[in-house]
1. Which condition number does ARG264 fail, the rest of (1) outside any helix (DSSP H, G or I); (2) open to solvent by 30 Å² or more (accessible area, probe 1.4 Å); (3) of a type outside the set (A, V, I, L, M) being met?
2. Any residue at all in the stretch 326-333 that is over 23 Å from PRO610 (Cβ atoms) and either outside any helix (DSSP H, G or I) or open to solvent by less than 10 Å² (accessible area, probe 1.4 Å) (or both)?
3. For the subset of the stretch 379-401 comprising residues that are within 26 Å of the chain's Cα centre (by Cα) and assigned to a helix (DSSP H, G or I), which member is nearest to LYS123 (Cα to Cα)?
4. Looking at the stretch 288-301, is at least one residue open to solvent by less than 10 Å² (accessible area, probe 1.4 Å), within 26 Å of ALA254 (Cβ to Cβ) and under 21 Å from the mean Cα position of the chain (by Cα)?
5. So which residues in the stretch 268-287 are under 10 Å from LEU224 (Cα atoms), in a helix (DSSP H, G or I) and open to solvent by 10 Å² or more (accessible area, probe 1.4 Å), if there are any at all?
6. Criterion first (basic (Lys, Arg), closer than 24 Å to SER443 by Cβ, part of a loop (DSSP other than H, G, I, E, B) and in contact (Cβ under 8 Å) with a residue 24 or more places away in the chain) does ARG725 satisfy it?
7. Please go through the stretch 457-468 and give me each residue that is crowded, with 21+ Cβ neighbours inside 10 Å and not β-branched (Val, Ile, Thr), ordered by number.
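The values are calculated or read from the model by the stated rules, or taken from the named source; none is laboratory data. Just so you know, these numbers come straight off a predicted model, no measurement behind them. With ideal geometry, Cβ positions are generated from the backbone for all residues, glycine too; neighbour counts draw on all protein chains shown. For the accessible areas, the whole protein counts, side chains as well, though only heavy atoms, and no ligand, DNA or RNA atoms are used. Shrake-Rupley method; radii C 1.70, N 1.55, O 1.52, S 1.80 Å.
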Amino acid sequence: MTDGARAATSPGRTPHEAATHCPYCALQCGMLLSERDGRIEVLPRDFPTNRGGLCQKGWTAAELLDHPERLTTPLLRGPDGRLAPATWAEAYARIVTGIRDTQAAHGRDAVAIFGGGGLTNEKAYALGRFARVALRTRMIDYNGRFCMSSAAAAGMRAFGIDRGLPFPLADLGRADTLLLVGANPAETMPPLARYLTEQRERGGRLIVVDPRVTATARLADLHLQPLPGTDLAVANALLHIALTEGWVDREYVAARTEGFDAVRRIAAGWWPARAERLSGVPVADLEEAARALGTARTAIILTARGAEQHAKGVDTVSAFVNLALALGLPGRPGSGYGCLTGQGNGQGGREHGQKADQLPGYRRIDDPAARAHVAAIWGVHPDELPGPGVSAYELLDMLGTPTGPRTLLVFGSNPVVSAPRAARVERRLRDLDLLVVADFLLSETAALADVVLPTAQWAEEDGTMTNLEGRVLRRRALREPPSGVRTDLRVLADLTTALTPPALPAARSAPAAEVVAGDPSYRFLPSRGPLQPPDAAPDAAADGADPRAVFAELRRASAGGVADYAGVTWERIDAADGVFWPCPDEDGPDTPRLFADRFATPSGRARFHPVEHRPAAEEVCDEYPLYLTTGRVLAQYQSGTQTRRVDALRRAAPEPFVELHPDLAARLGVEEGDELRVASRRGEMRAPARITATIRPDTLFAPFHWGGAGRVNSVTNDALDPVSRMPEFKVCAVRVERVTP
């Protein structure tokens, strides 16, 4: 077995049991679903990531399958402005007519797609293909832009590849020193905390960088508590200390990297006292953290949303990558740099085409060779593929404007709650000519739609997911969707067929503009240009609604790309506990550990990037004297559409809140539970006060799982990182006041 390989378990499915994975975070914990007498139960499953353990969200996940608020029929908005039940034929007619009318009047880019990081690989792939071939629009992006995009961009420019963890999760337990930056896995992915426990039981040191004393920070040997938005200065100071003390691995730097001199010159100016004045982290703590990293036999640096969701998120991650490279960590067992992916398929969701600038296999859409390869799979001419679109927030902010999309289709996302400057985004959605939302519950975004399509849940469809390690997993259906409910793949296949012109006679090659994916009379060939009748290659025929067939096509489309799935098959996944990409050959090994011999850059060397600290996009002032940061709580997930409907989770975290320090509360005359109004230049939220010494006196914290008056994203900043286009969720200037009863 290769390092990180798994013992074969050959999980499968009986009519009443399915070995599958949790529908929530990127840990993708293994679980067993069992159905007896109409009751579905979640049972433990021994899987490498979680070894039978689940968090409260996982244990209660099945409660949503038969939830009374489950959507089981399409909804159409009528002349009275209300959503009412309709047939699928009526819903499709409204959508197809709307798409055709919009594109006829305003052009192809007037129809847009907004996807999600929780969609399976098959659905993410099909969504990108639908946008570029059936709609021929460049306007597609997804909510993963709000999650992993800064770490992805930093990873690509340093290593030439973006995989959240370039090593198996088990390495975390082996590290002598583990540095977590802006990560709170004890609440966001609790089963991962067992690796932190293993690490400390072995005598390892855990260091946490976070403005709050989180549940994870309480486990740490050392907690650095910087001012929000100053992580980059902390990273440069740690590198400064490593240089001064002689902890830089100069042999590794010389043999395996390039560009160090420019980074060294910047780090020389970040003496610890300068970083302390800016961040508030004491010099002694900076020195202790640097010593723990620089003298460790093995060390790992991990970043997460706290470091990444900034208008300088890419540079902040690059600063920690620079530190890891200077210490010689990447590519060594038990050492390295990694990112804790957030959404369930946050890794695979960005690899296969629903991102504005990418084609399947993590190919760039503006690369002629990439366009030619994918166009051949799709049976179109490369020139027919649209070019790069715009990022998620930019797309949302254009909706309904004279130069923006007039029709939007949303799959697996709830931007009314999750987008920054959310009140503005909500207005943009209301300005659309046609809003279509596919979901299984009436989210805040679906409630605004003209058409709502009821779609299958995670336990009702087969497919693959890619977890935070780059491990491709199998999601297995326990049962069929309820009557009246269709899968996302079925919806995309149906819409493609409805939008496709009549098939041309087989005697002539079909121009790309006339025959598109999903036409029942034509099928794709693995690597050819013009489409042919299905009997020309019956084994290559692919039903657009069959996830196994879609995955087979995805494998061909990804072959030779950065994220190469060509050698990954469902059978191979079933024979083990997943397959790590890249895996280009069915008969060859997968890759649990990257960078052992070379990096994925043209030179094979990792690239340092010089990065300077710069202030947050919005600094405090007399009118807005406090910083606000946001995050998650243990019992809720993302926009809360699912978790807020689970009784046990709602009881555990029933409402939003605002954390503030006791000193600030005393100054404002605020007591525990008082209703607070938090306002920024963009909007306001209201929620009860939670007074705690775990937050800095100059900083407020609020979770982002709620809509309505408690929607913190009404307040957050829509300033974007210039590279990743990540919004600055994690810091903005606000004022707070007690709401007088």
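1. Going through (1) outside any helix (DSSP H, G or I); (2) open to solvent by 30 Å² or more (accessible area, probe 1.4 Å); (3) of a type outside the set (A, V, I, L, M) one by one, ARG264 breaks only (1).
2. The first filter runs over the stretch 326-333 and keeps only residues over 23 Å from PRO610 (Cβ atoms), leaving 332-333.
Within this subset, residues satisfying the condition of being either outside any helix (DSSP H, G or I) or open to solvent by less than 10 Å² (accessible area, probe 1.4 Å) (or both) are 332-333.
The answer is yes; a qualifying residue exists.
3. Step by step, filter the stretch 379-401, then rank; the result is ALA392.
4. yes
5. Step one: list which residues in the stretch 268-287 are under 10 Å from LEU224 (Cα atoms), which gives 279-282, 285-286.
Pick out the ones that are also in a helix (DSSP H, G or I) and you get 279, 285-286.
Hit for the stretch 268-287 is ASP285, nothing else.
6. Details: basic (Lys, Arg): yes; closer than 24 Å to SER443 by Cβ: yes; part of a loop (DSSP other than H, G, I, E, B): yes; in contact (Cβ under 8 Å) with a residue 24 or more places away in the chain: yes.
So ARG725 fits the description; yes.
7. We begin by selecting, within the stretch 457-468, every residue crowded, with 21+ Cβ neighbours inside 10 Å; these are 457-459, 461, 463-468.
Result: GLN457, TRP458, ALA459, GLU461, GLY463, MET465, ASN467, LEU468.
This table checks each residue for (1) charged (D, E, K, R); (2) buried (at least 18 other Cβ atoms within 10 Å of the Cβ); (3) under 30 Å from GLU728 (Cβ atoms).
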residue: ALA566; (1), (2), (3): no, yes, no
residue: ASP577; (1), (2), (3): yes, yes, no
residue: ASP585; (1), (2), (3): yes, no, no
residue: ASP597; (1), (2), (3): yes, no, no
residue: LEU628; (1), (2), (3): no, yes, yes
residue: THR641; (1), (2), (3): no, yes, yes
